[in-house]
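Engineer: Before I ask anything, here is the structure I am working with.
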Amino acid sequence: MSEATRKFFDALERHGHERLLKKTNGTIRFDLERDHEVDHWFVEIRSGAIDALVERLSKQTKDDSERRTADTRDTKRKPRTSRSA
């Protein structure tokens, strides 16, 4: 992974809590390919707290990983609760 990429995600994590995202919860996945490897960066936001982590895979294992991710995507989501106004 490039130094610029690592610095970008490190800066997000160092920023810590973002007040404007205090009602936001979720995970954003970035798939960055470079030199026959794929870096999966995950940026997790929980009530405004920002956390970044990376998972590195070779391109050979990328297809298997994507299938596993697609298979588990729905099981990782929390059920939504309805709100009454």
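Each reported figure results from applying straightforward, stated rules to the coordinates on display, with no laboratory input. Every value quoted in this text rests on a predicted model; they were computed, and no experiment measured them. Using ideal geometry, Cβ is built from the backbone for each residue, glycine included, and neighbour counts are taken over all protein chains shown.
Engineer: Which distance in nm do the two modelled labels at residue 3 and residue 33 give, with both placed 7 Å along the Cα-to-Cβ direction?
Structural biologist: 2.6 nm
Engineer: Right, something else. For residue 49, what residues show an amide H to amide H distance below 5 Å, using hydrogens built from the backbone and excluding near sequence neighbours?
Structural biologist: Correct list: 18.
Engineer: Cβ under 15 Å from residue 10's Cβ, residue 10 left aside: what net charge do those residues give with Lys, Arg +1 and Asp, Glu -1? Present the calculation step by step, with values, prior to reporting the outcome.
Structural biologist: Details: positive: 6, 7, 14; negative: 3, 13, 39, 44, 51.
My count for the surroundings of residue 10 gives -2.
Engineer: Take the Cα atoms of the stretch 3-61, build their convex hull, and give its volume per residue in Å³. Working shown, then result.
Structural biologist: On the way: hull volume 4.0 nm³, N = 59.
Each residue corresponds to 67 Å³ of Cα convex hull volume.
Engineer: ³J(HN,Hα) across the stretch 31-43 via Karplus (A = 6.51, B = -1.76, C = 1.60, θ = phi - 60°), whole Hz, x for Gly/Pro?
Structural biologist: Couplings: 9, 10, 9, 6, 6, 6, 10, 10, 9, 9, 9, 10, 10 Hz.
Engineer: Still on this structure: Near residue 53, within a Cβ-to-Cβ distance under 9 Å, what is the net charge of the other residues, with Lys and Arg +1 and Asp and Glu -1?
Structural biologist: Working: positive: none; negative: 13, 44, 51, 55.
Here the count lands on -4.
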